[in-house]
Every structure is written in C-alpha cells, then in structure tokens.
1. Which semi-axis lengths, in whole Å and largest first, follow from the square roots of five times the eigenvalues of the Cα gyration tensor of the stretch 108-201?
2. Under a 5 Å amide H to amide H cut-off, with H placed in plane at 1.01 Å, what residues pair with Ala123 once short-range neighbours are removed?
3. Between 0 and 90 degrees, rounded to the nearest ten: what's the tilt of helix 128-141 against the longest Cα principal axis of the chain?
4. Taking amide hydrogens as modeled 1.01 Å from N in the peptide plane, which residues meet the under 5 Å criterion relative to Lys113, leaving out close sequence neighbours?
5. List the relative contact order of the chain as a percent without decimals, with contacts defined as Cα pairs under 8 Å and 6+ residues apart.
6. Place +1 on the Cβ of every Lys and Arg and -1 on the Cβ of every Asp and Glu in the chain, take the dipole about the Cα centre, and give the residue among Ala56, Gln225, Asn127 whose Cα lies farthest towards its positive end.
7. Over the chain, what percent of the accessible surface lies on carbon and sulfur atoms, probe 1.4 Å?
8. Could you run the Karplus curve 6.51 cos²θ - 1.76 cosθ + 1.60 with θ = phi - 60° over the stretch 93-98 and give me ³J(HN,Hα) per residue in whole Hz, x for Gly and Pro?
Amino acid sequence: MVYRSELDAALTEAAAAAGATVRDSTALTTLEQESRTVTVKTNRGDTLRARAVVGADGSAGRVARYVGVQCAQVDLALEAEVPVDERTADRWRGRVLMEWGPLPGSFGWVFPKGDVRTAGVVAARGNPTALRAYKEDFLTRQGLNGPRPLHDTGHLTRCRRPDSPLARGRVLVAGDAAALVDHWSREGISYALRSGDLAGHAAARLVTAADEAEETPTADHYGRQVDDVLGVEMRASGALMNLFARNPGLVHTALTRLPPAWRRLDAYIAGRTSVAGIMATPMARSATALATRLPRARESAPPAIRSTTEA
C-alpha cells in the first residue's frame, strides 16, 4: 500500500529524469487544433504548441471534454485517511478489508499504510445521503471514527462506454481522462499506466505523421490497442458488476465457500490475473447464467456481508 501523493511524486521524478519538463501547479485553460499543430494555453499565460497531446488530466478534465469521452457508469467514492496508534497499526499490518455494502454494487475498504488507515466506501452516484450514512457506520464499526482524519475527501469515478472516443485528431486521452476504470473494483491506476504507455507510443507516431491521411490511422490504432487490452477487461468487470449488484450474496458465497473462486480473487488482488481471466472460467459463466434467473437482491440496512483477505 502506498500514499497516492508519494506514487505521483515518484512518477513525476522518473518522467523528469527521462527528459520531461515538469510544470507543477499549471492548469490547461484552452486547447485548439489547426492543421498539424495543437495549441495549448495555461493558467500561467503560457502558449504551447505540439504535434501531439496526451490528456491525462482526470475524468473531469478539459481534454476529456474536448475529445468527447462518454461514460456508462459514474460512482461516488468517500474516503478518509485516519491516524492510528501503534497497537492498531500492528493489528492491521499485512491485511486489507473489503466489505460488501448495503447499496447495490457498493463496498467499503480499509487499507493499512503504516500509522495511517485509508478507509472509504463507494456506490453509484445519485444517493449521497445514504452513502454518507454508510461511510459513518463503516468507520465506526472499524474503530476509525474517533481520530480526526488527516484527509476526508470525495471523488467521482467514471467508466467509459465501449464506443467512447479515445482520440480527436492529434489529441489522445489516457487513464481517468479516458474513463478507463474497472467497473467492479473502481481501480484505475493500472489502467492509467498501461493506457499511458500505449498513448505515449501513439503520440510519438503522430509527431511524424505528415497529414490527416497518416494521422487518422494512428489514432484509430491506439483505440484498437486500448480496446484489445483494456476494453476486454472492462467488459468483463462490467459483467461482474452486474452480477454483484443483482445478487451480492451469490458472489460472496462463491468467493468464500469455493476454494478455486477464492484463489482467483487472491490472484486478482495480487495482480496475477484480471477480471477477464476470472469471468472466463466455467464457474463464473455458470454463476452469471444463474444470476440472470434470480430476482434482484433487496437493499439491506447494515452491511452484513464482509470479506477480509491477507495482503
């Protein structure tokens, strides 16, 4: 487990060491394309011109709006970073907790980070009052509602529609800006790293593209690469999310009572497999078929289904 600020700083330092020019606290204000040039203006009054631009400015960024990214799922996550004493830190060391929540498709989590616990909840956008109540209840049950949090934030996670554009001319989007997020876990960092690598190579090809006849195939190729690698995973996670929202009890029973299912989940958390790999198994296909014949589960009051796994 890492602090996001430390991860971002490490990535920034690596980019700078590789030759990138870093301009911190600089926001994009306008973006225009003309012929082979993309012109970007910033809040510091800079005017920058490039032959290719990769937008990685988040799901609510200007580049995503410029490209026309569209979402199939939007969720609200509420998170707090809470300091804990040494005894509590020892108890949580090497462990994470995930809990199925009372709202459809919702869950809560606790991630240990030394003397701090990152804890939060997530659910579909549209019922913030119920989600805040779930967060308060969750933090209380985990013994994390007493200390004053170091950070207490909320943010939206967006999952793209399968036909959502990934490029507009010489402007590409990657990561959260492209709404590349796992439907079920709402994880996006691995998607950002992989799509960023693909976008970087595509941008390098765009720099040498002489005209629109070369530009369009390059952008289209980037879109196909993302769909072949990440789109497959997102479609699988969408199927798992539908299964989970319809009947979380079925998903929980399969994960905790069937050793092969638990091993698959453990491999997914450790990064040794993907949701696509899980959903391609005969057991997952059977569960999906069964869930379509079962009535949708009702919302429950307190979240009653919990799962804890060793990190």
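The values are calculated or read from the model by the stated rules, or taken from the named source; none is laboratory data. Fair warning: this is a prediction, and the values are worked out from it, not measured in the lab. Note: ideal-geometry Cβ built from the backbone for every residue, glycine included; neighbour counts use all protein chains shown. For the accessible areas, the whole protein counts, side chains as well, though only heavy atoms, and no ligand, DNA or RNA atoms are used. Shrake-Rupley method; radii C 1.70, N 1.55, O 1.52, S 1.80 Å.
1. Details: eigenvalues 210, 52, 19 Å².
Working through the eigenvalues yields semi-axes of 32, 16, 10 Å.
2. Those lying under 5 Å, H to H, from Ala123 are Leu76.
3. 50
4. Excluding prolines and chain starts, which carry no amide H, the hits are Thr118.
5. Working: 516 pairs, mean separation 63.6, N = 311.
Relative contact order of the chain: 20 percent.
6. Of the candidates, Asn127 comes out farthest on the positive side.
7. Working: 8690 of 16440 Å².
The value for the chain is 53 percent carbon and sulfur by accessible area.
8. So the Karplus estimates, Gly and Pro as x, are 4, x, 10, 10, 10, 10 Hz.
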